[in-house]
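These notes concern the structure reproduced below.
All of the numbers you see were taken from the coordinates with simple rules; none came from a lab. Here the structure is a predicted model, which is why all the values come from computation and not from measurement. So basically every Cβ, Gly included, is an ideal-geometry build from the backbone, and we count neighbours across all protein chains shown.
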Amino acid sequence: IREEEKHIKKILMFHKSFYNPKCLERLGGSVGWASAFSLGQNWGSLGSTLHLAPHSAGRLLLLLPLPLPLPCTFLHSIVLIFLTILFVLQVPGAQDLVDFSPVYRCLHIYSVLGARETFENYYRKQRRKQARLVLQPPSNMHETLDGYRKYFNQIVGFFVVEDHILHTTQGLVNRAYIDELWEMALSKTIAALRTHSSYCSDPNLVLDLKNLIVLFADTLQVYGFPVNQLFDMLLEIRDQYSETLLKKWAGIFRNILDSDNYSPIPVTSEEMYKKVVGQFPFQDTELEKQPFPKKFPFSEFVPKVYNQIKEFIYACLKFSEDLHLSSTEVDDMIRKSTNLLLTRTLSNSLQNVIKRKNIGLTELVQIIINTTHLEKSCKYLEEFITNITNVLPETVHTTKLYGTTTFKDARHAAEEEIYTNLNQKIDQFLQLADYDWMTGDLGNKASDYLVDLIAFLRSTFAVFTHLPGKVAQTACMSACKHLATSLMQLLLEAEVRQLTLGALQQFNLDVRECEQFARSGPVPGFQEDTLQLAFIDLRQVSLCVFVFCFSFKMCD
């Protein structure tokens, strides 16, 4: 950069003479195409310098082209245009912002007196002390972005001044001295950033800090300082950024799940239908053929959760910008963070909803349906990541999404909760059972509590129509087995020491009601008498007791 500046200054010194046609003719003898191309390269390099040194406030004045003399050739015109652009470009540097004359005068005086080494030692000692003050971060730096910005500005300013002194004096400072200072500054800066960034809980602040560090590193890199350690530290901050994102999205998922009504989404028009399909990838030809109004099988939390996963992926992508990472590294970073979101954050949110004490069977059934559709959408999330990173999923080192495992685990937990919830409901109905084992009346209908229990089971299994077949069948079989076992315990309780034929007749009517329920096929998919087998032991025990009591009565 300094060589380019010197080259430009030499050219500008002769700028006025270029208006003289004779000078142009003389220039034409020494300036060839290679020289013109070299000027173009210098201009491009200067533009890059301006771009990478944002601390310099540059001004570009757009003026009308200077009049070219008639004898001028095409090559002369190109050269003159470049010189005109360079002339109107004004970029304030360190010398424009800081008065270095006291340093130059002291250096000159000490040199004349033969004590130059004394001044050099004094200058370097004082600047080391100032460097330690500059590198001391304020205690509340982590609270706002301005705190970090001021800290970085001080460091940049210090080393820009030292760089200027290095190139404008002969030996006052040398490269070894500056490298030593920079090594100390780099270690202290990284330590301060590690400490203060660990307090950041806002992902937006962490992202802004990352952008500021990138700007800080790129600026100092322009001046020749090695900044690889800063980019390595950004990879550490990336993990912290991912953690803050996961905490943020845990709250987002919690709000979505808490506000959901766990009912299929109703649509009354084509516009509403297209809106839902636009938010979530869903195709069902049978549903498309149905007239309005109609319902999607899933509730509102499915498209909301799906879109929030995509927003999380976008947020991860933002941090990877300007880190000089390959597309494969960016893809791997996004996939690993997304896997954490699915397997930890979303999984915990779903498990918390499933384990609620007041959750009902309807909500549990809807959760199973919702997680089934979210599991199917994982392939679309894979495609989404592939499109933004341009890394094919077939690549050897590509990380796969584990979303299917998350949704399967949630579905299994919901299924187990359904079985437990059903059994608890059955127990609540059985608590209303009040058998009079000594009654002499012969009943002719099933007990009221059992009739209500069977009605509840019928309405519950009617909701299971959208569940996978095995889930509904398992729930139904589990409920029937639990009911049969509970009724047998009532009959064989130790407190039941005497039985009458009237009591056995009433119990037998209840068993028949259960068998009739099993024969009615409350859940499709069972073979002929499979569900009735749940009550076969109860039937055999009740018959044995009935025959024994009847025989005993006849003998009496």
**Request:** Would you please give the FRET efficiency between ASN358 and PHE100, computed as 1/(1 + (r/R0)^6) with r the Cβ-Cβ distance and R0 = 60 Å, to the nearest 0.05?
**Result:** 0.20
**Asked** About its Cα centre, how strong a charge dipole does the stretch 432-554 have in debye, to the nearest 20, once Lys and Arg get +1 and Asp and Glu get -1 at the Cβ?
**Response** 300
**Request:** For the stretch 175-292, just list the percent of Cα-Cα distances falling in each 5 Å bin from zero outward, please.
**Result:** 2, 9, 14, 13, 10, 8, 7, 7, 7, 7, 6, 5, 3, 2, 1, 0, 0
**Asked** Please state the relative contact order of the stretch 243-399 as a whole percent: Cα pairs under 8 Å, 6+ residues apart?
**Response** 32
**Item:** Computed over the stretch 141-276: relative contact order in percent, which uses C-alpha pairs under 8 Å that are six or more apart
**Value:** 25
**Complete:** Taking max minus min of the Cα coordinates of the stretch 227-355 on each principal axis, largest first, gives extents in Å of 64, 34, 17
**Prompt:** Counting only residues 5 or more places away or on other chains, whose amide H sits under 5 Å from the amide H of LEU401 once H atoms are built in the peptide plane?
**Reply:** none
**Message:** Looking at the calculated P(r) for the stretch 302-370, what percent of the C-alpha pair distances fall above 13 Å?
**Reply:** 71
**Request:** Could you order peptides 276-282, 400-406 by the average number of other Cβ atoms within 10 Å of their residues, highest first?
**Result:** 400-406, 276-282
